[in-house]
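Right, one structure below, let's go through it.
The values are calculated or read from the model by the stated rules, or taken from the named source; none is laboratory data. Everything numeric here is computed off the predicted structure, so don't read it as measured data. Note that each Cβ is placed from the backbone with ideal geometry, even for glycine, and that neighbours are counted across all protein chains shown.
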């Protein structure tokens with residue numbers, strides 16, 4: 001049976017852990033509210049950007065880089081919109097830099113590995129682009145065992161997502177795509193639902209699917225009008241395509257950031273509740289042993305007194 005000192009030390013240890021988990025819960029709770037606001041504010045823009053982008057593509061029948069100044073791969077919009085046989089896929093996997101978020105990173109890594117195995121069965125190579133140190137730790141060995149490669153790692157992009165961070169990632173992915181090193185780009189991220197819920201999803205970035213014929217009706221039954229381009233459609237597409245890629249990546253980072261914080265808040269809340277439950281159980285055990293010890297001492301005193309009286 002454990003002695004009083006051991007139980008007291010354990011209670012103090014659990015209390016210290018409880019203070020840490022409670023503080024982490026409060027910090028995550030404060031941060032997730034800001035992240036939730038940012039996600040909800042950016043969703044309408046992303047939705048309209050996608051709608052405008054698809055309408056624009058529907059109005060252009062031929063892509064050309066003639067008379068365009070191409071300084072980087074992301075400026076070469078005809079190649080970025082090119083459909084070709086898929087031999088290699090680039091997977092941008094978005095996790096977190098820190099743990100203590102429950103099964104958040106594990107769920108993302110499992111989904112990414114499942115997707116990679118599906119491509120492997122089809123004879124398609126997969127190149128990984130990983131956001132987050134914790135995600136890298138989970139995926140590194142398994143990715144190598146499967147014969148795939150980790151091409152790029154991004155650690156600062158997830159802590160406080162910005163369009164600048166998304167732009168750097170977009171430039172890297174565009175370079176791989178334009179140079180023929182990957183033929184398809186997908187994002188494995190988490191969509192923020194609410195404070196206690198998120199879902200792991202895959203987002204298709206390139207090539208762009210779902211482009212319909214000109215004059216096709218949208219979901220509301222309204223025929224989209226033809227567009228006029230100033231100065232011309234090719235210069236506009238050269239600007240819009242990078243915006244589409246960058247915004248898609250930014251939205252995926254923002255969704256993942258909010259989901260991670262929500263998962264951490266939930267995990268720390270559960271840890272704090274469990275700590276309080278353990279402290280209560282240990283306190284009962286401590287009091288029982290203490291009471292038993294006092295009772296034994298009383299019995300010893302009474303027995304000693306009786307023995308002296310009897311003599």
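Taking the criterion of being surrounded by 18 or more Cβ atoms within 10 Å (Cβ to Cβ) and closer than 14 Å to residue 258 by Cβ, the residues of segment 152-180 that qualify are 158, 161. Residue 86 passes every criterion in (1) touching a strand residue (DSSP E or B) at 6+ places or on another chain (Cβ under 9 Å); (2) in a loop (DSSP other than H, G, I, E, B); (3) over 21 Å from residue 206 (Cα atoms) apart from (3).
So which residues in segment 1-48 are farther than 22 Å from residue 101 by Cα, modelled with pLDDT under 85 and either under 20 Å from the mean Cα position of the chain (by Cα) or assigned to a helix (DSSP H, G or I) (or both), if there are any at all? Those that are farther than 22 Å from residue 101 by Cα, modelled with pLDDT under 85 and either under 20 Å from the mean Cα position of the chain (by Cα) or assigned to a helix (DSSP H, G or I) (or both): 4, 5, 6, 7, 8, 9, 10, 11, 12.
Per the conditions (1) under 22 Å from the mean Cα position of the chain (by Cα); (2) within 19 Å of residue 243 (Cβ to Cβ); (3) not in a helix (DSSP H, G or I), the sole criterion not satisfied by residue 63 is (1).
One residue is enough: does segment 76-83 have a residue meeting the conditions free of Cβ contacts under 8 Å to residues at least 12 places away in the same chain, more than 25 Å from the chain's Cα centre (by Cα) and over 30 Å from residue 196 (Cα atoms)? Checking segment 76-83: not a single residue is free of Cβ contacts under 8 Å to residues at least 12 places away in the same chain, more than 25 Å from the chain's Cα centre (by Cα) and over 30 Å from residue 196 (Cα atoms). Reported count of residues in segment 286-296, each being surrounded by fewer than 16 Cβ atoms within 10 Å (Cβ to Cβ) and under 29 Å from residue 23 (Cα atoms), is 1. Within segment 181-210, being surrounded by fewer than 16 Cβ atoms within 10 Å (Cβ to Cβ), modelled with pLDDT under 90 and over 27 Å from residue 260 (Cβ atoms) holds for 209, 210. The numbered conditions (1) part of a strand (DSSP E or B); (2) under 25 Å from residue 264 (Cα atoms) are all true for residue 159 except (1).
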